[in-house]
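The values are calculated or read from the model by the stated rules, or taken from the named source; none is laboratory data. Model, not experiment: these values are computed from the prediction. Cβ placement follows ideal geometry from the backbone for every residue including glycine, while neighbour counts extend to all protein chains displayed. Ligands, DNA and RNA are excluded from the accessible area calculation, which covers all protein heavy atoms including side chains. Shrake-Rupley method; radii C 1.70, N 1.55, O 1.52, S 1.80 Å.
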Amino acid sequence: MTGKQGDWTIDQGWATYTPQDHAVWQTLYEHQTALLPGRACAAFVDGMKRLPIDGSQIPDFRALNEVLMPQTGWQIVAVPGLVPDDVFFDHLANRRFPSGNFIRKADQLDYLQEPDVFHDVFGHVPMLMNPVMADFIQAYGVGGLRAQSLGALELLARVYWYTVEFGLVREAGGLRIYGAGIASSFSESVYALDSAVPHRIRFDLQRVMRTLYRIDDLQETYFVLDSLDTLLDLAKTDFGPLYADCLRHEPLKPGELDAADTLINQSA
Ligand code: HBI
Ligand code: FE
């Protein structure tokens, strides 16, 4: 891949986006912006409001970084797609969020496995404006490099998956979305809150570490935080002993329940 330095960053190539690319962004943006009020958490709404993100075109990462960096010290760096775990963790540990610079095609609007610029910028960046999430994701990067050395990468990846990607949080008005994988997907923004099919379980760190996840379909289980501040506690927790304990148990399947689970119903 051209333009790839050791850290896989490339230039966003904003001038190379086609009118079709910007049109896909506009469609996705308009769908989600109409759907998310009353579904996205307060931090997401607040972050989005303060960023130069709108439906007119794919945002320029330089313009986003001018707002994001003074706010939480984070910056967005363009990458061609998924990057190796150790590269990903090193970026996060240094408050650099790798974002795909490409956008999905008009015939794959609803979901794609590879994080494109809509998933990363619309889904993740508003939450990077929140100091708690900003600190948590940096701690995740630091922890990721250590987890690899402990052979526990998969356990930590589950924590990221069920929080940063597919997390729900309880607010006064009910359950709300903070996970980027939900916030950037039309069908999952509806399903995660409205469907009676998935389990919604009160967040428990060791429970999440034991829970497998699927990357190719709607989630079968969502974990619900009482508050985003819980992520701060996680960032301060030494996961080392928890990894050891977790590796002694069988993992749970994505849709499996455990006797110790605190189930949350939809209207919680
Ligand atoms: N690369 N660009 C990109 N984005 C991701 O979300 C990402 C990645 N590489 C690895 C990865 N996520 C996960 O496998 C780790 O969180 C474990
Ligand atoms: Fe993501």
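Some notes on this structure:
- Scan of the stretch 193-202 for residues that are among the hydrophobic types (A, V, I, L, M, F, W, C) and under 15 Å from L252 (Cα atoms), ordered by number: I201
- For the stretch 23-47, a residue qualifies if it is open to solvent by less than 50 Å² (accessible area, probe 1.4 Å) and in contact with a Phe, Trp or Tyr (Cβ under 7 Å, 6 or more places away or on another chain), and the qualifying residues are W25, L28, Y29, Q32, L35, C41, A43, F44.
- Condition met for R50 (among the basic types (K, R) and in contact (Cβ under 8 Å) with a residue 60 or more places away in the chain): yes
- Here A147 fits the description: more than 16 Å from ligand 2 (Cβ to nearest atom), open to solvent by less than 30 Å² (accessible area, probe 1.4 Å) and at pLDDT below 95.
- Helices (runs of 4 or more DSSP H) completely within the stretch 48-143 that count 1 or more residues being more than 16 Å from ligand 2 (Cβ to nearest atom) and open to solvent by 50 Å² or more (accessible area, probe 1.4 Å): 61-72, 85-93
- Test: I58 is β-branched (V, I, T), touching a helix residue (DSSP H, G or I) at 6+ places or on another chain (Cβ under 9 Å) and within 16 Å of ligand 1 (Cβ to nearest atom): no
- Taking residues in the stretch 16-42 that are modelled with pLDDT of 95 or more, and partners anywhere that are open to solvent by 30 Å² or more (accessible area, probe 1.4 Å), the pairs with Cβ atoms closer than 6 Å and at least 6 places apart or on different chains are H22/Q57; V24/A106; H31/F186; C41/R176.
- Within the stretch 107-130, being more than 14 Å from ligand 1 (Cβ to nearest atom) and over 15 Å from L51 (Cα atoms) holds for D107, Q108, L109, D110, Y111.
- Residues that are assigned to a helix (DSSP H, G or I), at pLDDT below 95 and out of contact with any helix residue (DSSP H, G or I) (no Cβ under 7 Å at 6 or more places or on another chain), drawn from the stretch 217-236: D233, K236
- Residue count for the stretch 173-204 satisfying the condition of being open to solvent by less than 50 Å² (accessible area, probe 1.4 Å), among the aromatic types (F, W, Y) and either assigned to a helix (DSSP H, G or I) or free of Cβ contacts under 8 Å to residues at least 12 places away in the same chain (or both): 1.
- Taken together, D120, D110 contain a single residue that is under 28 Å from A192 (Cα atoms) and at pLDDT below 95, which is D110.
- Flag if R214 is in a loop (DSSP other than H, G, I, E, B) and either over 20 Å from L153 (Cα atoms) or in contact (Cβ under 8 Å) with a residue 24 or more places away in the chain (or both): yes
- Among the residues of the stretch 208-229, those that are surrounded by fewer than 16 Cβ atoms within 10 Å (Cβ to Cβ) and more than 25 Å from R248 (Cα to Cα) comprise D216, D217, D226, S227, D229.
- Residue within the stretch 150-172 that is without any contact (Cβ under 8 Å) to a residue 40 or more places away in the chain and open to solvent by less than 10 Å² (accessible area, probe 1.4 Å) present: no
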